[in-house]
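Structure first, then comments.
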Amino acid sequence: MAKVMDKHEIESKTREYAERLRDQMGLQHRATTPFEKPFERPWTKAEIETTTVLFGGLTLAHEELTANAMRGMGYKIQALPVPDLEALQIGKEYGNRGQCNPTYFTVGSLVQYLKKLEAQGETDIEDRYVFVTAGSCGPCRFGMYEAEYRQALRDSGFGRFRVLIFQQAPETEQSTEDTALEFSAKFGLTLLRAFILGDMLNELGYKIRPYEVNKGDTDRVMAEAKELLGTALRESKSVFLGLRKVKKMFNSIEVDMTRVKPKVKITGEFWAQTTEGDGNYHMFRWLESEGAEVLVEPIGTWIEYKIWIARHHAEKEFATNKDKKSMIRKLKLAQIGFRMWHNFYRMALGFKTDPLPNQAKLAEYATAYYNTHLGGGEGHLEIGKNVMATKDKHAHMVISLKPFGCMPSTMSDGVQARVVADYKDAIFIPIETSGDGEVSARSRVQMKLYEAKKKARAEMDELLEARGVTIEQVQSYVGEHPKYANAMWKLPEHHGISSAANLVAEVAGRVK
C-alpha cells in the first residue's frame, strides 16, 4: 500500500522538484529586496537664485498667475508649454506602456522642454532647473507619475534632474530645514489665491466670449487682466482692488446675449477637464466654435471636495474615535473660510462668476448611485455634477473628459448609464482621450450637441410664446438699453437654462 505523504513532505518534494527545474533551465536564485523610494538630490535654499522651477498641467490663466505668485515669494519659475502631440509621442517613447494620457503628455512635455534647452546650448540643466508636480496614491495611475518622470528623465539623458513632489502624506516627503521649497501656510495660501483668481478669469472668458460682438475682445482683455492680477500677486498688492479694475476692463466688451446657445458642462478626470490643448482635443474652444457656451470646471471645486471628503471620513470615524472632534471642527472652519474667500473675490467682480457648488448637495445627488467614501480621481463628483446639471437646470448637456482607461472615471461612466436612465432629459456623453481619436471624439460630441441645440431652441420658443413677445422685439429693446450689452451685467436667473432665455425672461415684461 502506497505511503500517504503529509503536508510537509509534499511541500518539501515540491521545493526539490522546483530546484531541479531551475538547475536544468540555468536559472539561479536571486536575492530580492523590497523596493525603496530613491532619495532625491535636494534643492537647497542656497540654490534658489540660480535655479528655475518648471511646472505645468493647469490652464494658461492658472499657470501665469501661479508663476507670478511664486515670483513674489522669491522663486524663479517657468510654466512648461501646453503639451502637444509631439510631447505625447516623446512620453510614449520614454514611458512605460499602459500609462494614461496625462502621464505621457506631462512627461513628454518635460523631456521635450529640456531637450530644447540642450539644443540651444544650455549647460548644467540638471543643476539649474527642477520640476515641481503633485504626488498621490490610491486607485489611479496618478500615484505612478513620479516614477514615470524619473524613468523618462533617466532614459532621455537627464538622470540627475530633480523632481519635487507635493506629497499628500507628510511622512513621505524628502525635506529638511534647508529645503528651498517650503510647503508653509504662506506658500499654500498664496497658491490658493492664484488658483481662485485663475478660476474666475477662466469663467469670465468662457461666459463672455460666445456673446462678444467684436471677435477677439475677450481674449485681449483676458491677457490684460492676467498681467494686471499677476503683477498684484508678484508685488503683494491688493488683489481685491485688482479685481475691481478687471471688472471695468471686461465691462468694456460689447455683447449680444440674445444669441441662443446651449450650455455645455465639462466634468471628468482632473487633468483632462483642465488642460487646454491636444490632451483633450482643444475641446473647450472647439465647442465654442460649434455654437456652445462652455461651463468649465473650476479648480476650487476640487479643492473644496478634498476638504469635504476629509471631513466626511472623519465624521464617520467619530463614532469610535472621539479624538476626531478637533479635526472635524478644523475641517469645517477650513471649508467655511475657503467659500468666504471665494465669495469675497466674486463680490469684487459684481458676482458675475458663479458660486462654488454645494458639496453636501453634490454628495446627496451622488449617494443613490455611488459610494461617497470611495476615493481616487474625482470620487463621486462626476456623478453628482451630472445630476446637478440636469436636475437644477444648470446645463443642457454634460461632457465627461477622461484619459483612455482611467479607472475612477470608467467606474463613474458605468454608473452614469443609470443616471441617464433616471433623468430622461439628461444629455450626457463620456469622451475618452487617447491622443489620436480627435475626429471620432468630435463627431460623437457633435451628435449630442445637436440635441442640446434643439433643447435650447425649444426652451426659447416656449418662453417667447408664454411671454407673448418675439425675439425681434427683445433685440430691439436690448439695443435701446446699453446696460444689457455690458459683458459684466449680472444676468438674473429667471427661467430655463440658456443665457438668452434668462435675458428674455428679464426684459419681456418691459418690452410689452
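The values are calculated or read from the model by the stated rules, or taken from the named source; none is laboratory data. All of these numbers come straight from a predicted model, not from anything done at the bench. Reconstructed Cβ throughout: ideal geometry from the backbone, glycine too, with neighbour counts over all protein chains shown.
Inclusion of residue 310 among residues that are surrounded by fewer than 17 Cβ atoms within 10 Å (Cβ to Cβ), aliphatic (A, V, I, L, M), over 27 Å from residue 486 (Cα atoms) and within 20 Å of the chain's Cα centre (by Cα) is warranted.
Within region 242-276, being out of contact with any helix residue (DSSP H, G or I) (no Cβ under 8 Å at 6 or more places or on another chain) and over 13 Å from residue 209 (Cα atoms) holds for one residue alone: 248.
For region 376-434, the tally of residues that are among the hydrophobic types (A, V, I, L, M, F, W, C) and within 27 Å of residue 307 (Cα to Cα) stands at 14.
Just to be sure, is residue 49 at pLDDT 80 or above, assigned to a helix (DSSP H, G or I) and either within 30 Å of residue 146 (Cα to Cα) or among the polar types (S, T, N, Q) (or both)? Yes.
All of 268, 277 fail the test of being touching a Leu at 6+ places or on another chain (Cβ under 8 Å), at pLDDT below 95 and among the small types (Gly, Ala, Ser), apart from 268.
Checked against the criterion of being over 18 Å from residue 457 (Cβ atoms), of a type in the set (A, V, I, L, M, F, W, C) and without any contact (Cβ under 8 Å) to a residue 60 or more places away in the chain, the candidates 511, 469 yield just one match: 511. Selection of helices (runs of 4 or more DSSP H) fully inside region 302-418 by the criterion of at least 3 residues being of a type in the set (S, T, N, Q) returns 324-348. If you go through region 85-105 and pick out every residue that is among the β-branched types (Val, Ile, Thr) and either surrounded by fewer than 16 Cβ atoms within 10 Å (Cβ to Cβ) or under 22 Å from the mean Cα position of the chain (by Cα) (or both), you end up with 1.
Given the criteria small (Gly, Ala, Ser), at pLDDT 95 or above and crowded, with 19+ Cβ neighbours inside 10 Å, does residue 508 qualify? No. The numbered conditions (1) farther than 20 Å from residue 379 by Cβ; (2) touching a helix residue (DSSP H, G or I) at 6+ places or on another chain (Cβ under 8 Å); (3) among the hydrophobic types (A, V, I, L, M, F, W, C); (4) assigned to a helix (DSSP H, G or I) are all true for residue 294 except (4).
Conditions tested, residue by residue: (1) on the phi < 0 side of the Ramachandran plot; (2) surrounded by fewer than 19 Cβ atoms within 10 Å (Cβ to Cβ); (3) modelled with pLDDT of 95 or more.
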site	(1), (2), (3)
341	yes, yes, yes
347	yes, yes, yes
368	yes, yes, no
379	no, no, no
408	yes, no, no
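Of all residues in region 436-489, those being outside any helix (DSSP H, G or I) and polar (S, T, N, Q) number 2.
Listed here are the residues, each with its yes/no results for (1) among the aromatic types (Phe, Trp, Tyr); (2) closer than 20 Å to residue 369 by Cα; (3) touching a residue at least 40 places away in the same chain (Cβ under 8 Å).
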| site | (1), (2), (3) |
| --- | --- |
| 405 | no, no, yes |
| 423 | yes, yes, no |
| 429 | no, yes, no |
| 445 | no, no, yes |
| 449 | no, no, yes |
| 453 | no, no, yes |
| 460 | no, no, yes |
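Every residue in region 123-151 that is modelled with pLDDT of 90 or more and farther than 20 Å from residue 180 by Cβ, please. Matches in region 123-151: 123 only.
In summary, residue 98 fulfils each of the numbered conditions (1) in contact with a helix residue (DSSP H, G or I) (Cβ under 9 Å, 6 or more places away or on another chain); (2) on the phi < 0 side of the Ramachandran plot with the single exception of condition (2).
Tell me yes or no: at least one residue of region 396-403 is under 30 Å from residue 229 (Cα atoms) and crowded, with 21+ Cβ neighbours inside 10 Å. The answer is yes; a qualifying residue exists. Residues of region 248-269 that are charged (D, E, K, R), crowded, with 21+ Cβ neighbours inside 10 Å and not in a loop (DSSP other than H, G, I, E, B): 263, 265.
Just so you know, in region 69-84 the residues that are more than 17 Å from the chain's Cα centre (by Cα) and crowded, with 21+ Cβ neighbours inside 10 Å include one that is nearest to residue 112 (Cα to Cα), and it is 70. Checking each residue of region 442-463 against the condition of being under 30 Å from residue 428 (Cβ atoms), surrounded by 15 or more Cβ atoms within 10 Å (Cβ to Cβ) and β-branched (Val, Ile, Thr) gives at least one match.
The residues of region 304-345 that are touching a residue at least 60 places away in the same chain (Cβ under 8 Å) and not hydrophobic (A, V, I, L, M, F, W, C), listed by number, are 305, 312, 313, 342, 345. Listed by first and then second residue, the pairs with beta-carbon distance under 9 Å, at least 6 apart or on different chains, first residue in region 282-297 and at positive phi and of a type outside the set (A, V, I, L, M, F, W, C), second assigned to a loop (DSSP other than H, G, I, E, B) and modelled with pLDDT under 95, are 282/276.
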